[in-house]
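Scroll down for the structure; my scribbles are underneath it.
Just so you know, all these numbers are worked out from the coordinates, no wet-lab data involved. Remember, predicted model here, so these are calculated numbers, not experimental data. Counting neighbours? That spans all protein chains shown, and the Cβs are built from the backbone with ideal geometry, glycine included.
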Amino acid sequence: RDPRFAQLTPDHVTFFRDLLGSDSAVIDSVTSADAADDIEPFNTDWMRKYRGHCKLVLKPATTEDVSKILKYCNDNMLAVVPQGGNTGLVGGSVPVFDEIVINMSRMNQILDFDEVSGTLVAEAGCILEVADQFLASKGYIFPLDLGAKGSCHIGGNVSTNAGGLRLLRYGSLHGTVLGLEAVLADGTVVDDLCRLRKNNTGYDLKQLFIGAEGTIGIVTKVSIQCPQRSPAQNVAFFGLESFDHVQRAFRAAKGQLSEILSAFELMDEGSQALVRQVTGNQRPLEAEYPFYCLVETSGSNADHDAEKLQAFLEDVMDKGVVADGTLAQDETQIRALWAWREGITEALSHLGGTYKYDVSIPLKELYQLVEDTRARVDAAGLLGDSDEFPVRAVVGYGHMGDANLHLNVSTRRMDPRVEAVLEPFIYEWIAERQGSISAEHGLGVMKKKFIGYSRNPTMVGLMKGIKKTFDPNGILNPYKYL
Ligand code: FAD
Ligand code: S2G
Ligand code: ZN
């Protein structure tokens, strides 16, 4: 625990209670020990892998609240953790020690929507699924989708620069976010809540907050460009004999579906077997294959799209690129097929501890890392079907279109021998191929010490300079990121 940071006192709590007023906005176990249970969920991350010891949770209602809270914390050297939906997967959203949690869930309003341009302005604590449902009622779509949509916040999505299932079609938040409002450690409100697609006047400072994981400011409002929602959606689910076939299917999908292609997700047999084990659902295809792909199209004309998709299916089947496939016939089947991809994270979490690696590597070698890792865990005698083996499975899935692999080592129990076999092997493997050791989940506390495998010392030095400029006392989300 950094000795520079002050201990929380009842006087501090009194200041925050006077500022925020309502009881629900302040949960503290400093003045009321029985609040400890209420604080637990804010101390524990989604994977139940990281657990902080904060004694105070603050829920601001306005930007002004955030500004006054941060100014007070900065003046009194009180460390804080900004928190959205707490679905982050690198331990970034919970305290390491007793940092104060600033939870954004009360700032959850949609503030404005321009029906002609598709520009949405919302508060940071707006839940992703709520925003997307609002947009659906207007014929628009949120340019981001991920399995945690029911809980994660737009402010958390921006702060982790989340990628998700639609990046292939709608691009990154670095392109779709038009403006932000944020509050710096000293309480300064940064109003860059621009709603223009083009604004070439000076450094594009909002970009610094996208992916900063709460280390240089708290995002309080977001302005984002939302595309038209496509009325015609189709999903195909394929079984393929090798990763080489998967690459050929991806090429064919890009070539033959082109502008209507909206997702291309990869799953290996191991990941699908785990979903089956946990859900007990009927598999989409009769036989088992080493690989599966979920291909989604989104277009404006159902007949045109169905024709294109049918021709694509026949082509990849006739050429033997795809061994078997099924096409969703209605909305229910679309959701059922997506569940085989989106349900992997939940299934892994249900089965116990997981060593997670969210990486970007050159597409042709994307799956090689899974095979090399599995061979290594097996050679160490740690992989097997019965209880004495700590590792149940080494699986790979992810956003093929973004060359983003989710390598997950599913364990019966976490075991230092497993970690010793995995790290630094995996990070060295990625660095040798100039890949990224964190493609979309960020660094948090879990990946902080590995940043050097993907960023050189000059880059890390410049980042530290930015951190120093924006948060000289280092009170924002300490012990993480850099
Ligand atoms: P939190 O977890 O609360 O916080 C994440 C980080 O952002 C922390 O460092 C926190 O300090 C900071 N932060 C949060 N809010 C603010 C704010 N207002 N201002 C400043 N800093 C803030 N991620 C992907 O990229 N792609 C996926 O496909 C994907 N799928 C997922 C599926 C499941 C089932 C789960 C559980 C997670 C998945 N994630 C995925 C990870 C996670 O959902 C994303 O990182 C998400 O963007 C986190 O949003 P959140 O609101 O939960 O943020
Ligand atoms: C996904 C979720 C995290 C994981 O499902 O796309 O980002 O590693 C992942 O399961
Ligand atoms: Zn992902």
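Please compare each pair in K198/K364; K206/K464; K206/K448; K71/K198; K206/K468; K55/K206 to a cut-off of 25 Å on the Cα-Cα distance and tell me which ones are over it. Among K198/K364; K206/K464; K206/K448; K71/K198; K206/K468; K55/K206, the Cα-Cα distance tops 25 Å for K198/K364; K71/K198; K55/K206.
Would you mind estimating how fast the stretch 23-74 diffuses translationally, via Stokes-Einstein at 4 °C and 1.567 mPa s with the Kirkwood radius over Cα pairs, in µm²/s? Answer from the Stokes-Einstein relation: 106 µm²/s. Take the Cβ atoms of Q207 and V116, set R0 to 22 Å, and the FRET efficiency comes out at 0.30.
At 25 °C and 0.890 mPa s, what whole-number value in µm²/s does Stokes-Einstein give for the translational diffusion of the chain, with Rh from the Kirkwood sum over Cα pairs? Answer from the Stokes-Einstein relation: 104 µm²/s.
Using Cβ point charges alone (K and R +1, D and E -1), the dipole size of the stretch 357-396 about the Cα centre works out to roughly 140 debye.
Projecting the Cα atoms of P362, P478, F134 onto the dipole axis of the chain, where Lys and Arg carry +1 and Asp and Glu carry -1 at the beta carbon, places P478 farthest toward the positive end. Modelled spin labels at A375 and H174, positioned 7 Å past Cα toward Cβ, are 3.3 nm from each other.
What number comes out for the charge environment of L111, summing +1 per Lys or Arg and -1 per Asp or Glu over other residues with Cβ under 9 Å away? Neighbour charge sum, excluding L111 itself: -1.
The average projected area of the stretch 1-160, computed from the convex hull of its Cα atoms over all directions, is 10.0 nm². Pairwise Cα distances in the stretch 194-353 exceed 21 Å for 57 percent of all pairs.
Pairwise Cα distances in the stretch 141-261 exceed 25 Å for 38 percent of all pairs. Rounded to the nearest 0.05, what FRET efficiency do D2 and D318 have when you use their Cβ-Cβ distance and R0 = 56 Å? Efficiency computed from Cβ-Cβ geometry: 0.30.
The spacing between the stretch 283-339 and the stretch 342-382, judged by their C-alpha centroids, is 25 Å.
Sorted by mean Cβ packing within 10 Å, highest first, what order do the peptides 454-463, 76-85, 273-282 take?
Those peptides, ordered most packed to least, come out 76-85, 273-282, 454-463.
Please grab the % of Cα pairs in the stretch 393-482 that end up more than 16 Å from each other. Summing the P(r) of the stretch 393-482 above 16 Å gives 65 percent of all pairs. Summarising the overall dimensions of the stretch 162-223 from its C-alpha atoms, the Rg and Dmax are 12.2, 38 angstrom. Projecting the Cα atoms of G280, F238, V121 onto the charge dipole of the chain (Cβ charges, centred on the Cα centre) puts V121 farthest toward the positive pole. Putting +1 on Lys and Arg Cβ atoms and -1 on Asp and Glu Cβ atoms, find which of T373, P424, A252 reaches farthest to the positive end of the dipole of the chain. Comparing the listed Cα positions along the dipole, P424 ranks first.
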